[in-house]
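Chemist: The structure is given below, and queries will be raised subsequently.
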Amino acid sequence: MTTLTDRLTNLRHTPVTTPEPALALFDELPEVDCSFMRGRWVGSGLATGHPMDGLLEASGWYGKQFVDDEHVHPLLFRVGGRIVSVRPLNLGMRLALALPFARFGWLLVPATRLSNHLLRTSVSHARLRMVTYRGRTSATMIYDRLPINDVFRRIDDDTVLGLMDSKGMAYPFFFVLTRDRG
């Protein structure tokens, strides 16, 4: 019998060019409540042919931190050997979507390093709420100033599949979070 973890592993190692397999898995996964999300999580993208595939990893994204329902750090990056919270900008995402070729090129690494230093923050920039999405209610991270919701479903006690739903995107961006036990 194939477990949900096995299905996620298969999905991660299969060349994917459409979101349908990830949506199918997402729809089968159990919901999580806000308290389940507490703590720091290490993130990685899940390739579905989305224009943002590979962007977070190329930019040095570490993950997310959920302090409580009102205080969430949606973008953690590794900067100078430390994990820091970075203020999300709508302009950055719009540029990445408009210029996907730039994310792997010579411009991304120095631009990201500079912006991560300039945008470091100790202030949270999101919150958690229970939101109904695709017919089921689950913990959802809502950005304070961006039209973005990240909805989470449980793979196991230490892994969730996240779906970033953003106004204007044709289909969601998928990512995986693994609880940081370190």
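Chemist: Tally up the residues in the stretch 154-170 that are within 19 Å of Thr3 (Cα to Cα) and either under 9 Å from the mean Cα position of the chain (by Cα) or open to solvent by less than 10 Å² (accessible area, probe 1.4 Å) (or both), please.
Modeler: Going through the stretch 154-170 one residue at a time, the tally reaches 3.
Chemist: Within the set of pairs 6 or more residues apart or between chains, which connect a residue that is farther than 11 Å from Gly43 by Cα and open to solvent by less than 10 Å² (accessible area, probe 1.4 Å) inside the stretch 171-182 to a residue that is of a type in the set (Gly, Ala, Ser) and assigned to a strand (DSSP E or B) with Cβ atoms less than 8 Å apart?
Modeler: Close Cβ pairs (under 8 Å, with a partner that is of a type in the set (Gly, Ala, Ser) and assigned to a strand (DSSP E or B)) amount to Phe173/Gly45; Phe173/Ser166.
Chemist: Also, quick follow-up: Please tell me if Ser85 is open to solvent by 20 Å² or more (accessible area, probe 1.4 Å) and small (Gly, Ala, Ser).
Modeler: Criteria not met by Ser85.
The values are calculated or read from the model by the stated rules, or taken from the named source; none is laboratory data. The shown structure was predicted, so the numbers you read here are calculated from the model rather than taken from an experiment. Virtual Cβ from ideal backbone geometry, glycine too; neighbours counted across all protein chains shown. With ligands, DNA and RNA removed, areas are computed over all heavy atoms of the protein, side chains included. Shrake-Rupley method; radii C 1.70, N 1.55, O 1.52, S 1.80 Å.
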